Amino acid sequence: MKILGIESSCDETACAIVEDGRTIISNVIATQIPFHQIYNGVVPEIASRKHAEWIKPVVTEALKEADLTLDDIDAIAATNRPGLMGALLVGLTFGKTLAWATHKPFIAVNHMLGHMYAAHLANDISYPYLGLLVSGGHSIICRVNDFDDIEVLGTTIDDAVGEAFDKVAKFYGLGYPGGVIIDKLAQNGDCKAANFPMPLLKGDDHRYDVSYSGLKTAVINQLDQFWVEGYPKTNENIAAAFQETAVKILLSRLFKAVEDTGLKTVVAGGGVAANSRLRSMLAEHSEIKCVFPPLKLCTDNGAMIAGVAYHYLKRGETSPWTTTASPRIPAFKRGLARASH
Ligand code: KG4
Ligand code: ZN
C-alpha cells in the first residue's frame, strides 16, 4: 500500500511516499529556514505563504522522485495538529482536496504520533517502549503501547527543550534554528566551562517532568554566576556547557522512567533527537536499547505522516472531509492518553 504523506505544521513544506508503513520511496523536504533566519525564529505568516507557494511543487516532486503518478497512490495523509494554524491548514486542505478529487481515502495524522513513529521507518521496534519526544514544542517522556496509544509520564512544566536551544542561540546571536548550531559549536567547546543548575522538581507529580526556564535564565542572565574561572567565555564553551545540562535534565528523568517501568527500550523522536550529545550520552548506557530515527527523519518530514497513516488504514480508519486543523493536541495530557487523530 503506497501512501502519500504531507507535512506543513511549521517551517518545512514536506511530502513523502511510503510503502506499507516502512519503505520510503521518496521524501521531499523544502525548508523555509532561510526565510525565517533573518527574524531568528518562525514567522507564522511567512510560513503559511511559503507553504501555499510550495505545496504543489513539493507534492509533484515527491511523485516524480518516486517515479509514480497519483494513480499509483492508495491513500493521502496530512498533518492536522499540532502546529501553526495557517501552516497546518495549507497542507491539510491540499491533502483533503487531492484525496477528494482522486477518490482516495484521506487520513489526518497527529504530528507528534508522526515524530514517535519516525524511528520505525528504519528499525524493527516492538511495543511497548519508552518514548522520548523532544522538539521545538514538546519534551515528553512517555510509555508507547501502540502507534496511536501514548501514555504521557512526564512533560515540561515550562519551555520545551528545543525551545531552550533556540532561545539561547537567539540571545547570543548564533542564528536559527538554534539546536543544530549549538550542537555544532559545542563540539569545539568544553562542557566544564560552566556549572549550570539542574531544576529542582519535587514530588511524585513531577517525577518524570522536566523544566528549562531555570537553565535558560542561568545561561542568558546569570552566566557569570555559574561560569568556572579560567575558561574563556566563547560561544563554543557556552554552547557546550548549556547543551550538557540540557541533555542531563532529560536523561535524569528518562532513567527514572526506565527504572520504574522496567522498559529497557527507549525510542527518540523530534528535532532534538538529532542532537549528537543526547545520542552519545544515551549510547554510554548499554543496559538501555536506544533507537533513534535517521537524522533526516528527526525533524519534520512527510514520511512519518505517511507511516502513521498506513496503520490507521490497515485498521480501516480514515478521516472525514470535515476534519479540521488544530494548533494543540488535547490528547497529550498527563495520564493515559489514547491519542485520536
Ligand atoms: O521536530 P522539529 O523539526 O519541529 C517541531 O515539531 O518542533 O524540531 C525543531 C526543533 C528546534 O527547536 C531545533 O532547534 C531543534 O529541534 N533541533 C535540535 C537539533 N536539530 C534540531 N536541537 C538540538 N540539537 C540538534 N542537533
Ligand atoms: Zn515537528
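Compute the distance in nm between two label points, each set 7 Å from the Cα along the Cα-to-Cβ direction, one at SER276 and one at ALA101.
Going from the SER276 label point to the ALA101 one covers 4.4 nm.
Check ILE25: other-chain or 5+ apart residues with amide H under 5 Å from its amide H, H built from backbone geometry?
Residues meeting the criterion, in which the H sits 1.01 Å from N, are ILE17, VAL18, GLU19.
Based on DSSP loop calls and a cut-off of at most 16 other Cβ atoms within 10 Å, the longest stretch of the chain free of exposed GluC sites (Glu not before Pro) is what?
For GluC sites (Glu not before Pro) (loop position, at most 16 other Cβ atoms within 10 Å), the longest site-free span of the chain is 1-228.
With only Lys, Arg, Asp and Glu charged, each at its Cβ (+1 for the first two, -1 for the last two), find how big the charge dipole of the chain is about the Cα centre; round to the nearest 20 debye.
360 debye
Expressed as a rounded percentage, what relative contact order does the range 125-292 have, with Cα pairs under 8 Å and six or more residues apart? Present the calculation step by step, with values, prior to reporting the outcome.
On the way: 325 pairs, mean separation 46.6, N = 168.
Relative contact order for the range 125-292 comes out at 28 percent.
Roughly how big is the range 240-289's charge dipole about its Cα centre, with Cβ charges of +1 (Lys, Arg) and -1 (Asp, Glu), in debye to the nearest 20?
Values: 7 positive and 5 negative charges, 22 e Å.
Using Cβ point charges on Lys, Arg, Asp and Glu, the range 240-289 gives about 100 debye.
Taking a ≥ b ≥ c as the square roots of the Cα gyration tensor eigenvalues, with a/c under 1.5 meaning rounded and otherwise prolate when a/b beats b/c, else oblate, which class fits the range 125-292?
Values: a/c = 1.92, a/b = 1.75, b/c = 1.10.
Because a/c hits 1.5 or more and a/b exceeds b/c, the range 125-292 counts as prolate.
Can you give the translational diffusion coefficient of the chain in µm²/s, computed by Stokes-Einstein from the Kirkwood radius over Cα pairs at 4 °C and 1.567 mPa s?
64 µm²/s
How far, in nm, would the chain grow between THR217 and ASN145 when pulled straight, counting 0.36 nm per residue and subtracting the alpha carbon separation?
Residue separation times 0.36 nm, minus the Cα-Cα distance, leaves 22.3 nm.
Set the Förster distance to 22 Å, then compute FRET efficiency between LYS56 and ALA122 from the Cβ-Cβ distance, nearest 0.05.
The computed FRET efficiency comes out at 0.15.
If neighbour count is taken as other Cβ atoms inside 10 Å, put LEU278, LEU201, LEU130 in order from fewest to most.
LEU201, LEU130, LEU278
Would you be so kind as to identify which of GLY178, ILE150, ILE125 lies farthest towards the positive end of the dipole of the range 85-188, taking Lys and Arg as +1 and Asp and Glu as -1 on Cβ and the Cα centre as origin?
Ranked along the dipole, the leading option is GLY178.
Neighbour counts of other C-beta atoms within 10 Å: give me SER139, SER276, SER319 arranged from fewest to most.
With the fewest neighbours first, SER139, SER276, SER319 line up as SER276, SER319, SER139.
Taking the Cα centre of the range 17-59 as origin, sum charge times position over the Cβ atoms of Lys and Arg (+1) and Asp and Glu (-1), and report the length of that vector in debye to the nearest 20.
The dipole of the range 17-59 has a size of about 100 debye.
Which one, THR324, SER135, PHE242, projects farthest toward the positive side of the charge dipole computed for the chain from Cβ point charges (K/R +1, D/E -1)?
Most positive-ward Cα: THR324.
Along the charge dipole of the chain, Cβ charges K/R +1 and D/E -1, which of GLN222, GLN187, HIS111 sits furthest on the positive end?
Of the options given, the answer is GLN222.
Compute the FRET efficiency between LEU70 and GLN225 as 1/(1 + (r/R0)^6), taking r as their Cβ-Cβ distance and R0 = 45 Å, and round to the nearest 0.05.
On the way: r = 60 Å, r/R0 = 1.32.
The pair LEU70/GLN225 has a calculated efficiency of 0.15.
In the range 232-261, which trypsin sites (Lys or Arg not before Pro) are in a loop and have at most 16 other Cβ atoms within 10 Å, using DSSP for the loop call?
Here the sparse-neighbourhood loop sites are LYS233.
With both partners inside the chain, how many of the DSSP beta bridges are antiparallel, as a percent to the nearest 5?
Here the antiparallel bridges make up roughly 65 percent for the chain.
Evaluate the distance, in nm, between pseudo-label points positioned 7 Å from the Cα of ALA283 and of ASP205 along their respective Cα→Cβ axes.
Output for this residue pair reads 4.0 nm.
Calculate the spin-label point distance for THR324 paired with THR261, positioning each point 7 Å from the Cα along the beta-carbon direction, and give it in nanometres.
Placing both labels 7 Å along Cα→Cβ, they lie 3.4 nm apart.
Just for the Cα atoms in the range 235-283, what are the lengths along the principal axes, largest first, rounded to whole Å?
39, 17, 16
I'd like to verify something in the chain: which complete DSSP H helices, judged by Cα projection on the helix axis, reach 15 Å or more and average at least 0.0 on the Kyte-Doolittle scale?
85-101, 161-171, 235-261, 303-314
I need the chymotrypsin sites (Phe, Trp or Tyr not before Pro) found in the range 1-82, filtered to DSSP loop residues with at most 16 other beta carbons within 10 Å of theirs. Display every interim value, and only then the final one.
Working: sites: PHE35, TYR39, TRP54; in loops: TYR39.
Passing both the DSSP loop test and the Cβ count: TYR39.
Round to a whole angstrom and tell me the spacing of the C-alpha centers of the range 32-56 and the range 279-323.
If you average the Cα positions of each part, the centres end up 24 Å apart.
Just need the relative contact order of the chain here, percent rounded to a whole number, with Cα pairs under 8 Å and 6+ apart.
Normalised by residue count, the contact order of the chain is 26 percent.
What do you get for trypsin sites (Lys or Arg not before Pro) in the range 166-216 restricted to DSSP loop and a cutoff of at most 16 other Cβ within 10 Å of the site's Cβ?
LYS202, ARG207
Among GLN225, GLN32, GLN243, which one moves the most in a GNM of the chain with springs linking Cα atoms closer than 10 Å?
Taking springs between Cα atoms under 10 Å, the residue moving most is GLN225.
Rule-based calculations on the coordinates, nothing more; no lab input. Everything quoted here is computed from the prediction, not taken from an experiment. Quick reminder, even Gly has a Cβ in these numbers, built from the backbone with ideal geometry, and neighbours come from all protein chains shown.
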